[in-house]
Structure formats: structure tokens, C-alpha cells
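Peer 1: To start, I am sharing the structure in question, which I have written as C-alpha cells.
Only the coordinates and a few stated rules stand behind these numbers; no lab work does. Given the structure is predicted, the values throughout are model-derived calculations rather than measurements. Heads up, the Cβs are rebuilt from the backbone with ideal geometry, glycines too, and the neighbour counts pull from every protein chain shown.
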């Protein structure tokens, strides 16, 4: 691509500790052609470019609130290392994600603590990692033991909430834990929700078999979020009184959903979107260890997992899923296809909405002067299953560029 063309070209101006970069694109929110200048880690200026139309979209960088891992790296690996973290940062950047929330699933306490220490050390040593990872999510181990709601979590480590255990996590994470998913029916869960909520940590309902009344009690205690609503649930539920309806109806709860086309049917995605409303909805990938791997049978611990030709993950020889195999650049397109919402409407579900829930600064995930220079440039073809990411910019630095990647640079 010609670097002086209208697509994702960068113009550098150097002075003492000063770097200005220029990006041209169509605002994902208005469709209007604009030029964005970034200086150091901020958007310095936005200038209209009347008459230019053959441009990619330019958007605030995507925020993925639930990433377990991808392409052989995973935050819950027993031997999780800084290299695994770097791998995940690279793979998510390829999907347009500038910030994500590492998600650790139910594990023995020491494994959780060890991984948290690795993440905390990398955040302390590297400002880019600190920016890329604004928080950490612990999904479990305080979940329902029942088949269905428990999902793929190891039943051997499922246990009741423990405030002292949480405090040990937070110490290991250097205070970076921003969300904990738990089943509110567990003994001590309501007190746990109150405790972490007072500490500013998001209490999320998920992998739960709770009665509707218990869901309401959890909300009163401070729960604010539903983790991948519709998944981690029984195959069959009471027709009218169940934990899904109660969460769907609760205006106090923002809902995360996996809109990859495999975790939820199109009609369910559309129903959740219409009921919750776009302001209380967040797209998450829930990407897993084997996502992005070549088609075929792979080992995941003691499990045989099939990576299908379309990229989704299943337990080999069954119809059961084995985690999510796609990232947000895929999920955005599927959500639009299922619901009929526009690109501008959909992008807020992985930019402004998660930024608000996480309590990031008000100008985060916006296109305005002074905002963090976290940007994603992409194209969207009418027949494509996913967005084509051209480049991803975090704090004014390109962390992914399609042209460089293709040339092997």
C-alpha cells in the first residue's frame, strides 16, 4: 500500500520527545471523513476531510472485557509466562483490540496467585502492558457445581466465596482485579458481593443456578453485570421463572454476550439486544486457548477439542462447545447481522460501554481531541464474516499493522 494513500498512513514529525502521527479514515460514528493527529499518547486534533470517501473506518480501539487466551496461550495455564501474555496482546491487537481484561477461570488458589503476579509484574515493568490491561477478571471458582451452569470449569476446584482468598488475589495483582464472576446462590456470596463492591470491584453474576429471588438479592448487594448472559446455564429451564429472565429484566445489570453465532442463536442475540438496550450491553469474545488454531483435533489438558473449519471450538465427537474461537472483529459483524443494528450502534458495545463499566476516564474510547490515542482502522465488506483490521494504535503507537504483518516485518 502506498504510504501516502488515504488509508492508515502515518506522518512522523520528530522533535525532542515529540512524535506526531496522522491517520485518515471515516469516523465509525458519523461516516464523515476525518484526519486524526496523535501526539505521544493522545489525540491532538481531528480535522474534517471533505470530499474523500475511499477511506477505511476509524474507531476508538476495541475493548474486550473477557479474554481467556488465544492460539495456544491462556491466562489459566499452569505455566503462564510473560511470553504467553505478549502472545495474547499481539493476537488481540490483530483483531483491533487495544485493551482487554485478562480472564482467569476456576483454578487452584496458587495457580491464580502465580498468574496474577506475572500480570502485575508485567504491568509494573511496561507502560504499554499497563495500558493494554486496565483490569483483571476472575471468573470463578465461586460457581454453581451443577452440570450446565458450571460450564467447562473444573468441578474439583469449585468452592464457596472467600473474602480472604479475594484479598490474596488483589495483593498478588497489585490491586488490578476489576471484576469477579460468581454464582450468588453459593454460601457467603451476598456478603462477598457487598465486600468487593465497596472496594470498587465489579460483582458479576454468572455460571449460576440461582432462583430468581436470589438474583434480586445479589443485585441489591451490589451486583452490576451478567457474565456472557445465556451461556453457562442449564439446557432446560422453567418456562417463566428462571435466572435468565430475571437478569434480562434487571435494569441494574449490564450484560455481556458472546455474539459469535455459536454460543447464542441469532434470535436470542436479537432478543437480548432489544430487551437490554444498547446502553446496557457489551460484546465480549470469551476467546479461549485453542481459538485461532488450525482445524483438527487438539489436546486441551485431558480433553480432545476439535477446531472446526469455521473456527468454532467443540468437544470432539459431540455438539458441545469448548470455549470461543473468534475475536471481536468477527463478533461485531455477527451481531450486526443478527440484530440489524448499524456499525455505529454496534461499535459502542465494545468501546464506550465497557469503558464506562470499567470506570475508565470519561474520554476513553472516544474520538475527540485530548482522548487517549487508542484507535482501530478497518474495512467492512458487505459479504465478509469479519472486519478487516488495517492497523491498531495504542497510546499513539501502532501495535498492529496489516501491511507490516503481511511483509513479515
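Peer 1: Once the piece of chain linking residue 118 and residue 211 is laid out straight, how much longer is it, given 0.36 nm per residue of separation minus the C-alpha distance between them?
Peer 2: Fully extending the segment from residue 118 to residue 211 adds 29.7 nm.
Peer 1: Roughly what angle does helix 266-276 make with the longest principal axis of the chain, taking Cα atoms, 0 to 90 degrees, to the nearest 10?
Peer 2: That works out to roughly 90 degrees.
Peer 1: While we're on this one: Using only Cα atoms, find the angle between the long axis of helix 109-125 and the longest principal axis of the chain, and express it within 0 to 90 degrees, rounded to the nearest 10.
Peer 2: Value to nearest ten degrees: 20.
Peer 1: In nanometres, what is the gap between the two model label sites at residue 251 and residue 236, each 7 Å from Cα along Cα-to-Cβ?
Peer 2: With each label point 7 Å from Cα toward Cβ, the separation is 3.6 nm.
Peer 1: Order of 312-322, 57-67, 355-365, 199-209 by packing, highest average Cβ count within 10 Å first? Write down the numbers at each step before the final one.
Peer 2: Working: 312-322: 15.4, 57-67: 26.8, 355-365: 17.6, 199-209: 23.4.
Answer by packing, highest mean first, reads 57-67, 199-209, 355-365, 312-322.
Peer 1: Going by average Cβ neighbours within 10 Å, how do the peptides 392-400, 149-157, 43-51, 246-254 rank, with the highest at the top?
Peer 2: 392-400, 246-254, 149-157, 43-51
Peer 1: How big, on average over all directions, is the shadow cast by the Cα convex hull of the chain, in nm²?
Peer 2: Computed as one quarter of the Cα hull surface, the answer is 19.6 nm².
Peer 1: If each residue of separation counts as 0.36 nm, what is the full-extension length gain between residue 78 and residue 53 once their alpha-carbon separation is subtracted?
Peer 2: Roughly 4.0 nm would be gained on extension.
Peer 1: Now for a separate question. Given the -39500 (n - 2.57) contribution per DSSP H run of 4+ residues, what per-residue ellipticity at 222 nm results for the chain, rounded to the nearest 500 deg cm²/dmol?
Peer 2: Result for the chain: -8000 deg cm²/dmol, rounded to the nearest 500.
Peer 1: Further question on the same structure: Please list 283-296, 230-243 highest first by mean number of surrounding beta-carbon atoms within 10 Å per residue.
Peer 2: Ranked by mean Cβ neighbours within 10 Å, highest first: 283-296, 230-243.
Peer 1: Still on this structure, I have one more. Which angle between 0 and 90 degrees, to the nearest 10, do you get for helix 163-172 versus the longest principal axis of the chain when only C-alpha atoms count?
Peer 2: It is inclined by approximately 30 degrees.
Peer 1: Between residue 310 and residue 381, what is the label-point separation in nm under the 7 Å Cα-to-beta-carbon projection?
Peer 2: With each label point 7 Å from Cα toward Cβ, the separation is 1.9 nm.
Peer 1: Among bridges DSSP assigns within the chain, what percent are antiparallel (round to 5)?
Peer 2: 60
Peer 1: How many percent of Cα pairs in segment 97-253 exceed 27 Å?
Peer 2: Value for segment 97-253: 22 percent of Cα pairs lie more than 27 Å apart.
Peer 1: By how many nm would the segment from residue 41 to residue 274 grow when fully extended, if each residue of separation counts as 0.36 nm and the alpha-carbon distance is taken off? Don't skip to the answer; put the middle values down first.
Peer 2: Numbers: separation 233, 0.36 × 233 = 83.88 nm, distance 3.66 nm.
Taking residue 41 through residue 274 to full extension adds about 80.2 nm, to one decimal.
Peer 1: Another question, if that's okay. Give me the Å³ per residue figure for the convex hull around the C-alpha atoms of segment 147-233.
Peer 2: Considering the Cα atoms of segment 147-233, their hull volume per residue is 96 Å³.
Peer 1: What nm value, rounded to one decimal, do you get for the distance between residue 344 and residue 368 when each label is placed 7 Å out toward the C-beta?
Peer 2: 1.6
Peer 1: For the chain, what does the relative contact order come out to in percent, with C-alpha contacts under 8 Å and a separation of six or more?
Peer 2: Dividing the mean separation by the residue count of the chain yields 19 percent.
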